[in-house]
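A short write-up of the structure that comes next.
The values are calculated or read from the model by the stated rules, or taken from the named source; none is laboratory data. Please read all numbers here as calculations on a predicted model, not as lab measurements. Reconstructed Cβ throughout: ideal geometry from the backbone, glycine too, with neighbour counts over all protein chains shown.
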Amino acid sequence: MDPNEAAVANVLERFEAAWNQHDAVGVASLFAEDGDFVNVIGMWAEGREAIEAILTRNHQTIFRDSHLKQTGLAVRFPRPDTAVVHATWDLTGERSWEDKLLPLRQGRITLLMTRESAGWMIAAFQNTDIVTPPARPAN
């Protein structure tokens, strides 16, 4: 594996580890100071401080028992200092706002990462649930 690809993959491994420790500070630290985070329902957090705040709230409530597992990774470098990343994930242990255990969720994140003096950082993060498309009506 190319050293830059390995470094990018390491950021995703650290993301998963911090998530599973419910460490919002650790997850947020992987983002650039002015990074963007869009979750699966379209909520947009701008900047590391806002990202940390939304993750803290969610890991104290709906994600407090969650476990994230990365299931796939594809990395492309349009420029030497920029990576476009697509990763798939499984999430178990999520709870509803009514505190009911929810079934397995699967999703895909798209990240724009940039190589900074401190290493590879997440500049933008878009999370999307993978769902079964509705059946097409018979013609």
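Data overview
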item	result
Residue list for region 1-52, restricted to those being farther than 24 Å from Thr71 by Cβ and aromatic (Phe, Trp, Tyr)	Trp44
Set Arg57, Arg79, Arg108, Arg136: member being among the basic types (Lys, Arg) and in contact with a His (Cβ under 7 Å, 6 or more places away or on another chain)	Arg108
Which numbered condition Val84 misses (of (1) touching a Gly at 6+ places or on another chain (Cβ under 9 Å); (2) within 14 Å of Val8 (Cα to Cα); (3) not aromatic (Phe, Trp, Tyr))	(1)
Qualifying positions in region 25-45 - modelled with pLDDT under 95 and more than 11 Å from the chain's Cα centre (by Cα)	Ile41, Gly42, Met43
Checklist (1) in a loop (DSSP other than H, G, I, E, B); (2) within 17 Å of Asn10 (Cβ to Cβ) applied to Val75, failing item	(1)
Failed criterion for Leu55 (all others in (1) over 15 Å from Phe125 (Cβ atoms); (2) crowded, with 17+ Cβ neighbours inside 10 Å hold)	(1)
Those residues of region 92-108 which are surrounded by fewer than 13 Cβ atoms within 10 Å (Cβ to Cβ) and not in a strand (DSSP E or B), in sequence order	Ser96, Trp97, Glu98, Asp99, Lys100, Pro103, Leu104
Count - residues of region 38-62 that are β-branched (Val, Ile, Thr) and in a loop (DSSP other than H, G, I, E, B)	4
Test: residue in region 116-129 that is farther than 26 Å from Ala32 by Cβ, of a type outside the set (A, V, I, L, M), touching a residue at least 24 places away in the same chain (Cβ under 8 Å) and touching a Gly at 6+ places or on another chain (Cβ under 9 Å)	no
Search result, residues across region 21-52 that are loosely packed, with under 14 Cβ neighbours inside 10 Å and within 17 Å of Leu91 (Cβ to Cβ)	Gln21, Ile41, Met43
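Per-residue answers, yes or no, for (1) under 20 Å from Ile130 (Cβ atoms); (2) assigned to a strand (DSSP E or B):
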position: Ala17; (1), (2): no, no
position: Gly26; (1), (2): no, no
position: Ala32; (1), (2): no, yes
position: Asp36; (1), (2): no, yes
position: Arg64; (1), (2): no, no
position: Asp90; (1), (2): yes, yes
